[in-house]
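Notes for the one structure printed next.
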There are 2 protein chains.
Amino acid sequence: MGAVNAGLVDRAPKQDRSRATRQRLLEAAVACLAEHGWAGSTVSVVAERAGVSRGAAQHHFPTREDLFTAAVEYVAEQRSTALRALFPDGPADRHAVVCALVDLYTGPLFRAALHLWVAASNEDQLRPRVTELEARVGRETHHIAVELLGADESRPGVRETVQGLLDMARGLGLANLLTGDGARRERVVAQWGEILGGVLD
Amino acid sequence: MGAVNAGLVDRAPKQDRSRATRQRLLEAAVACLAEHGWAGSTVSVVAERAGVSRGAAQHHFPTREDLFTAAVEYVAEQRSTALRALFPDGPADRHAVVCALVDLYTGPLFRAALHLWVAASNEDQLRPRVTELEARVGRETHHIAVELLGADESRPGVRETVQGLLDMARGLGLANLLTGDGARRERVVAQWGEILGGVLD
């Protein structure tokens, strides 16, 4: 009985440590991908950055593909949670929502996802994993956008309008990759936000 | 006098051959970038693909950066010329123009440019060259879009509307990278083409 209790007590911190290690690896993987691209992102580089042994990293993520798709998914989920937290009362000021949606595509997560995406287009091992991941993340982002914009998708054209807005946001993210494109982006977002308002209301 | 004439006669075919070699190298470079990405695209690989010696390739393009930026620029110019040729009478049916603009971002040139773009975001040697190139190509594409859409940029918001359309086209291109996204793209283009018509008229 005493031994069982001791086992339970021990197990909890061990699970916590394991979870913390996993999380450090995922965050290091996204940062590594954003800074060095796919070619420069190996399990060893990420393990070192996370302060974790290579063996421990491989215990959590048997393959390089496992590590990097899990990392992009983890950060995408965090990002979705943060986006919803910005607008806790649901449908909100439209301009603010459009800005927040566009911001999803300008940070290190977008850079990391873009590297993974482009690498996947040329690597057979990576392609199905990333295709499936992107479809899932894309559906979730669309879902949040519809909700926060208070868009009524039963009306014809509304679904495609929101999709086009997210495509525009992705394109703006790409334009921002090499240069600080913030001033132009603000003007485009203001104008498209206004157009959108006219369609959705 | 005879020697001078002989020289002139010889020089013309030599220049033609040199131009043809250059063109073969540029086309091979774009195809290589689209298929293998930046990491798999070296001057040697391109030279072999073009059926040209490595020395001849380096005579035309001293560095890897020279070759690939020149290649993306060359194909972008061809693409602009082809786009204008589609609408020889200037402003045209808006839906057809929007479709043609979006198509710019779905072929091998976009794939090649995307690889170059993403590589440039992590490589100091490449970044200034690609930044400058993209700015130039972007201005030209915007110019053609304004012209073919018959958009009056002196009216407030029109410039940003066209810019947003091209950002959307770029985002649609990115969405098409891993999966055949044609059916969704058509619906988005139809809807935003209509919205755009309302704004521009």
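Every number in this text was worked out from the coordinates using simple rules, so none of it is lab data. Predicted model only: the values in this text are computed from it and were never measured. Neighbour counts are summed over all protein chains in view; Cβ atoms, including those assigned to glycine, are modelled from backbone coordinates with ideal geometry.
The lone criterion from (1) more than 10 Å from chain B (Cβ to nearest Cβ); (2) of a type outside the set (Asp, Glu); (3) in contact with a helix residue (DSSP H, G or I) (Cβ under 7 Å, 6 or more places away or on another chain); (4) part of a helix (DSSP H, G or I) left unmet by A:Thr81 is number (3).
The set of residues in the range B:153-199 being more than 9 Å from every other protein chain (Cβ to nearest Cβ), of a type in the set (A, V, I, L, M) and surrounded by fewer than 17 Cβ atoms within 10 Å (Cβ to Cβ) consists of B:Ala183 alone.
Could we say that B:Val52 is over 22 Å from the mean Cα position of the chain (by Cα), surrounded by 17 or more Cβ atoms within 10 Å (Cβ to Cβ) and either aliphatic (A, V, I, L, M) or within 30 Å of B:Gly150 (Cα to Cα) (or both) here? Here the answer is yes, as B:Val52 does meet what is asked. Taking the range B:135-152 as the range and being farther than 16 Å from B:Arg94 by Cβ and either buried (at least 19 other Cβ atoms within 10 Å of the Cβ) or more than 9 Å from every other protein chain (Cβ to nearest Cβ) (or both) as the test, the residues that pass are B:Arg136, B:Val137, B:Arg139, B:Glu140, B:Thr141, B:His142, B:His143. Considering B:Phe68, B:Phe61, B:Phe87, the condition of being away from chain A (no Cβ under 14 Å), in contact with a helix residue (DSSP H, G or I) (Cβ under 6 Å, 6 or more places away or on another chain), surrounded by fewer than 18 Cβ atoms within 10 Å (Cβ to Cβ) and not small (Gly, Ala, Ser) is satisfied by B:Phe87 alone.
When both residues are 6+ apart or on different chains and their Cβ atoms are under 6 Å apart, which pairs have a first residue that lies in the range B:23-48 and is more than 13 Å from B:Glu73 (Cβ to Cβ), and a second that is surrounded by 21 or more Cβ atoms within 10 Å (Cβ to Cβ) and hydroxyl-bearing (Ser, Thr, Tyr)? Between residues of the range B:23-48 that are more than 13 Å from B:Glu73 (Cβ to Cβ) and residues that are surrounded by 21 or more Cβ atoms within 10 Å (Cβ to Cβ) and hydroxyl-bearing (Ser, Thr, Tyr), the close pairs are B:Cys32/B:Ser41.
β-branched (Val, Ile, Thr) and either over 29 Å from B:Ala190 (Cβ atoms) or out of contact with any helix residue (DSSP H, G or I) (no Cβ under 9 Å at 6 or more places or on another chain) (or both): is that true of A:Val162 in this structure? So A:Val162 fails the test.
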